[in-house]
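Only the coordinates and a few stated rules stand behind these numbers; no lab work does. Predicted, not measured: the structure shown is a model, and the values here were computed from it. Because the Cβ atoms are built from the backbone with ideal geometry, glycine has one as well, and the counts that use them run over all protein chains shown.
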Amino acid sequence: MSAAAAKSARLGLAGAAALAVATGSLALAAPGASAESCTWKRHSRPVVKQVKRPGQLRRVRRVKHWWTCEALQQAFTPTAALPAPPTPAAPPTEEPRPQVARLGVKAVEYSYTLSRPEVDAGEVIVELNNQGEDPHNLVLEHENSADPSLEIPATPSVSQANASFTLSPGTYRLYCSLYKHEAKGMEATLVVSDG
């Protein structure tokens, strides 16, 4: 038996870990693992360091070593056969909910950018994202229809507002109704298809 092994045997597991830390070979154990229930594995990794020597910079190559404790797999020995679990009843079938379409509208000074040019008819969540310096609103007007205009109220600079609308098929004109914004070109077109 070597002197280090004899010393480790006298100190026990805690003492051996302290000795390993003191000598620089740190051993990491798995949580809840004891020395008897694990296998020790040595790891190595090359390390390159820049060391400044008088008058010049040198590269020094070293190998770093460390140990880890990997828990042993315990053999499973069944003591008695367990009864089969009861089969659960089939869950009640629900009708699939229709997908809600989403439309993002980015507003900057005197222009809108739509996240998509076309959405399906039905419920649509519209998000006005004002990234401009002025407040902006959003009016959705169904062209060639008697439907009332839909509106997201004025949104302050660098903020966003959401609204849910039920849109019927057709073409919608989107514009900002604040003073002179529409006249300066703040409008866009959205097509709502018959899903």
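Structure above, values below:
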| quantity | calculated |
| --- | --- |
| Residue match in the stretch 156-172 (condition: in contact (Cβ under 8 Å) with a residue 24 or more places away in the chain, surrounded by fewer than 12 Cβ atoms within 10 Å (Cβ to Cβ) and hydrophobic (A, V, I, L, M, F, W, C)) | yes |
| Residues satisfying the stated conditions in the stretch 179-193, i.e. loosely packed, with under 14 Cβ neighbours inside 10 Å, within 38 Å of the chain's Cα centre (by Cα) and not β-branched (Val, Ile, Thr) | GLY185, SER193 |
| Flag if ALA146 is surrounded by 16 or more Cβ atoms within 10 Å (Cβ to Cβ) and either free of Cβ contacts under 8 Å to residues at least 60 places away in the same chain or in a strand (DSSP E or B) (or both) | no |
| Residue within the stretch 113-130 that is surrounded by 15 or more Cβ atoms within 10 Å (Cβ to Cβ) and basic (Lys, Arg) present | no |
